[in-house]
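Written out below as structure tokens is the structure these notes cover.
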Amino acid sequence: MKKITKLALCAACAISMVACGERGTEVTSKKEEALQKAMTPYVNNTVVATYSGMADQGIILLGQCEQILEAVEAGKDYSALMTQACESWRAMRKYWEQSEAFLYGPAAAHNIDPHIDSWPLDFNAMNALLNNAEQMANIEEEGGAYVGDKLGYALKGFHAAEYLLFETVESNGRTIGTGKPHAANLTHAQAVYLLGIVEDLAQQAILLEDCWAGGVSEAKEAVITADDESMSYDENYGEYMINAGKAGSLYKSYQEAAEEIIAGCVDIAGEVAELKMGNPYISSNETERDYIESPYSCTSTIDFADNIRSIQHAYCGALAGDYSISNYVFRQNAELDTKVRAAITDAITAIEAIQNFETTAQNNPQVKAAIDKVAELEEVLDKEVLPLLSE
């Protein structure tokens, strides 16, 4: 056996350590390069495109509510406008629900999520407001400024608008929604209130686009500053992700950004399974309404399915051909990628199989089946995808 001196052994160890370090750096670099490729499509085609579409629909809905108020003031029938406004509400809502996998960042930092989507609607507080002559007179006088500044989250946002736009009926001592447009019989104060809610809603949607894109069109900028020129945030969250690891970014690496994306998916999967479907499933008849997310438009299961689609877009990419985190996972573990994609499809299918969720959620086996499928999706993302990204 060749004798190896202590000095030679130390030298060999040093060379080995350098080689291992170089290989580790190479692996890390390749991982960062792969995940970097997913960031620009994610930011531009998933996040910004979703918020831009939501803001566009908000402006359309705002215009329709302006016309409704004009019709009320002129004493004209506006039934067709109510139908159009309900359709625009649904369209805007769809974009919002497909954004809930990325509620981190501006939506959380600026409280935009609770501002526009606190649920379920506080039914009693809403009716108390509508029957409070003094407050309704203040709303008539100040309009959107009053709604935006003086009312709590429970009395504005999507669900306050939903209550005024969609028909309600009494059934077995409960007020339930039919999913049809409300009759064209709003009082003047109610029409002003509706317009104020929608103005505030549209402004918040535009702010989300602005915060992620680093700017919006002049038309959208005008809506933001209509009441308050300070209503803007000087940030570009999209660039933080695209430039992860660089000076000025909130992310130290593309791995950290990718982990944030998947953590957002885990969060919304958990909310859908445990709260949005879970609470109505285990509720009593007396409290069931209190847990339904969209009881008057009757779009709850559409909301849930779109929440899962937000996960699908975040993980797989919103557009065909987008490089995404799925591509990275596939290259590391093709079986896991197939498992995630199947879990997404199974969750959507199970949710869409539910019939009449708003009135039949309690102990409904279809709801339980959907809860289980969404929980499986949450599990695979949390226990398998996140650990893979951290390797």
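Let a ≥ b ≥ c be the square roots of the eigenvalues of the Cα gyration tensor of the stretch 250-391; is it rounded (a/c under 1.5), or, if not, prolate (a/b larger than b/c) or oblate?
Details: a/c = 2.33, a/b = 2.17, b/c = 1.07.
In terms of gyration-tensor shape, prolate.
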| field | Global geometry of the stretch 131-271, whether rounded, prolate or oblate, following the gyration tensor of its Cα atoms and the 1.5 cut on a/c | value | oblate
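Can you give the alpha-carbon Rg of the chain over 2.2 N^0.38 Å, where N counts its residues?
Numbers: Rg = 24.9 Å, N = 391, 2.2 N^0.38 = 21.3 Å.
Taking the Cα Rg and dividing by 2.2 N^0.38 Å, one obtains 1.17.
Placing unit charges on C-beta atoms (Lys and Arg positive, Asp and Glu negative, everything else neutral), compute the dipole magnitude of the stretch 250-391 about its Cα centre in debye, rounded to 20. Don't skip to the answer; put the middle values down first.
Values: 10 positive and 25 negative charges, 63 e Å.
My answer is approximately 300 debye.
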| Approximate spin-label separation residue 320-residue 111, in nm, with each point projected 7 Å along Cα-to-Cβ | 4.5 nm
| field | Anchor residue 180: aspartates and glutamates whose Cα lies under 19 Å away (excluding residues fewer than 8 positions away in-chain) | value | 77, 87, 162, 167, 170, 293, 303, 358
| note | Within the set 216, 272, 169, GNM on the chain using Cα springs under 10 Å gives the largest fluctuation to 169
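Using Cα-Cα distances under 8 Å and only pairs 6 or more residues apart, what relative contact order does the chain have, in percent? Please report the intermediate quantities before stating the final value.
Values: 549 pairs, mean separation 81.0, N = 391.
Computed value for the chain: 21 percent relative contact order.
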| query | Picking from 210, 56, 77, which is most flexible by a Gaussian network model of the chain using Cα springs under 10 Å? | reply | 77
| note | For the stretch 61-139, averaging the sequence separation of alpha carbon pairs under 8 Å that lie six or more residues apart and dividing by its residue count, the contact order in percent is 17 percent
| Too-long pairs where the Cα-Cα distance tops 32 Å, listed order kept, from 76/276; 37/220; 156/339; 156/383 | 76/276; 156/339; 156/383
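Stretch residue 187-residue 73 to full length: gain in nm at 0.36 nm per residue minus the Cα-Cα span? Show your work: numbers first, answer last.
Details: separation 114, 0.36 × 114 = 41.04 nm, distance 0.94 nm.
Once the chain is fully extended between residue 187 and residue 73, it gains 40.1 nm.
Could you compute the net charge surrounding residue 216? Neighbours are other residues with a C-beta less than 9 Å from the C-beta of residue 216; K and R count +1, D and E count -1. Show your work: numbers first, answer last.
Details: positive: 220; negative: 209, 210, 218, 221.
Neighbour charge sum, excluding residue 216 itself: -3.
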| query | Counting each DSSP H run of 4 or more residues in the chain as -39500 (n - 2.57), what helix-only mean residue ellipticity at 222 nm follows after dividing by all residues, to the nearest 500 deg cm²/dmol? | reply | -20500 deg cm²/dmol
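Any number yet on Rg/Rh for the stretch 38-238, C-alpha, Kirkwood? It would help to have the intermediate numbers written out before the result.
Numbers: Rg = 16.8 Å, Rh = 17.3 Å.
In the stretch 38-238, Rg relative to Rh is 0.97.
In the stretch 176-271, which trypsin sites (Lys or Arg not before Pro) fall in coil by DSSP and have 15 or fewer other Cβ atoms within 10 Å? Let's see the in-between values first.
On the way: sites: 220, 246, 252; in loops: 246, 252.
For trypsin sites (Lys or Arg not before Pro) across the stretch 176-271 that sit outside H, G, I, E and B with at most 15 neighbouring Cβ atoms in 10 Å, the list reads 246, 252.
Every number in this text was worked out from the coordinates using simple rules, so none of it is lab data. None of the values given here were measured: they were computed from a predicted structure. Don't worry about glycine lacking a Cβ; one is built from the backbone with ideal geometry, like all the others, and counts go over all protein chains shown.
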